[in-house]
Structures are given as structure tokens and as C-alpha cells.
Amino acid sequence: MVSAAAMLALPVHATDEAPDALVKRISGEVMAAVKADPAIQAGDVNRIIALVDTKIMPSVNFSRMTSAAVGRFWRQATPEQQKQLQDEFKTLLVRTYAGALGEVKDQTVSFRPLRSRPEDTDVVVRSEVRGRGDPIQLDYRLEKTPSGWKIYDLNVLGVWLVETYRTQFAQEINAKGIDGLIATLAQRNKSNTAKAS
């Protein structure tokens, strides 16, 4: 159980935390939680989703990530459509991340030195995940917000997540409109839920 004092102290800590320190802390906490939880190691999707929701999602700027992935169509969406897109995209990303966390066994994460100036408001934190096989490049784009640094894009093996989804989403919107994209995301999330059960 988290005490009220600890919860009140969190935003101050998050606001002052450097972007690379934030990513290192989150990575360390997530890896430790995965390695300590047999249910997660066994692929318990609900436990993995709960971990992602509590440890990772508070440090992600979902509105920016979603609007960037939807691209030029974002401004055409109604506020209700934007909310639905954000909710479905978040569910999709949480489940994607959950799948990757289910594979964590004996991996370690190493970080490259952060190249930034104190006045920078947009940075890239570069890391490598090492385990069996070749190291996996994993980079994070972060922006400085009034509530601290927030992640808004990920690069896995040289491919930025938002760019990948932007291409897929544009094709879907061109074919079926914004409501069509929302329906497709909802269907994909529903089928992922069925597979996990």
C-alpha cells in the first residue's frame, strides 16, 4: 500500500528528474518487477497490463503520441473521436508492450550517455537490451512538460513506433475514415483480449 505522503512526493520527484534518469528508473523498476513475479513470467496478461499501467503509462504523453500517429487527420477528428482514438491506441500499445514484457527473462538494459543541453525540451534517450542473441536497440523520445519529462515515441531496432503507426493509420483512414480506424483498433484490441483469455 502506498502512503499518501509517498503519493504527494511523487510529482515533485518526477518534475525534477532528468530524462535519462526517468527512463533508467522506469526500466529498472519494470525489469525487477518482471523478474520477481512468476505470474508475469508465465505470461499472465492481466498482471503484465497492470504493471505497464502503473509503472510506464504515467510517464507517457498519450495525447501527443496518438495525435502524431494519426497525423494530419487528427485535426479533422471530433473531440469524441480523438478520445476514442487515444483510448484504443493506448490499449493497443499496452498490449504490445505487455507481449514484449512477457518475453523478459535474463535481459539487462544499458544506456548510452545523454547528449543534450539544459535548455533542451525534446531529447532522445538511447539504450540497448542485452540478453541472448544480438543486442536490441531501444530508444525513447521525450519532451519536457510542466509535470516533468514524458515519453512520446519509441524506436525499436531502428523503427520509430509513431511513424510505423502513422502509415498504417493513414491507410485505414483513407479507406474507411476516422470511425473506420477506431473500429479497426477496437476490433484488434478485442481479438487480442480473446487470445489472452
Conditions (1) modelled with pLDDT of 95 or more; (2) under 25 Å from Arg126 (Cα atoms): number failed by Lys35: (1)
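Condition check ((1) of a type in the set (Ser, Thr, Tyr); (2) touching a Leu at 6+ places or on another chain (Cβ under 6 Å); (3) farther than 21 Å from Lys190 by Cα) across all residues:
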residue	(1), (2), (3)
Thr54	yes, no, yes
Ser63	yes, no, yes
Ala69	no, no, no
Phe73	no, no, yes
Gln76	no, no, yes
Pro79	no, no, yes
Gln82	no, no, no
Thr91	yes, no, no
Val94	no, no, no
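So, Thr66, is that one under 15 Å from Arg166 (Cα atoms), hydroxyl-bearing (Ser, Thr, Tyr), without any contact (Cβ under 8 Å) to a residue 40 or more places away in the chain and assigned to a helix (DSSP H, G or I) or not? Show your work before the answer.
On the way: under 15 Å from Arg166 (Cα atoms): yes; hydroxyl-bearing (Ser, Thr, Tyr): yes; without any contact (Cβ under 8 Å) to a residue 40 or more places away in the chain: yes; assigned to a helix (DSSP H, G or I): yes.
Criteria met by Thr66.
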Residue within the range 164-179 that is among the aromatic types (Phe, Trp, Tyr), within 16 Å of Tyr97 (Cα to Cα) and in contact with a strand residue (DSSP E or B) (Cβ under 8 Å, 6 or more places away or on another chain) present: no
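Enumerate the strands (runs of 3 or more DSSP E) found wholly within the range 82-197, keeping only those where 1 or more residues are at pLDDT 90 or above and surrounded by fewer than 17 Cβ atoms within 10 Å (Cβ to Cβ).
On the way: elements: 108-111, 122-130, 136-145, 148-156.
In the range 82-197, the matching strands (runs of 3 or more DSSP E) lie at 108-111, 122-130, 136-145.
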Any hit, the range 163-171, residues being touching a residue at least 40 places away in the same chain (Cβ under 8 Å) and farther than 20 Å from Val94 by Cα: yes
Tally of residues being touching a helix residue (DSSP H, G or I) at 6+ places or on another chain (Cβ under 6 Å) and either on the phi > 0 side of the Ramachandran plot or not aliphatic (A, V, I, L, M) (or both) across the range 41-58: 2
Qualifying residues in the range 25-38 (those that are surrounded by fewer than 18 Cβ atoms within 10 Å (Cβ to Cβ) and not hydrophobic (A, V, I, L, M, F, W, C)) - the one nearest to Lys144 (Cα to Cα): Arg25
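The values are calculated or read from the model by the stated rules, or taken from the named source; none is laboratory data. Just so we're clear, the structure is a prediction, and the values are computed from it rather than from any experiment. Every residue, glycine as well, gets a Cβ built from its backbone with ideal geometry; the counts of neighbours run over all protein chains shown.
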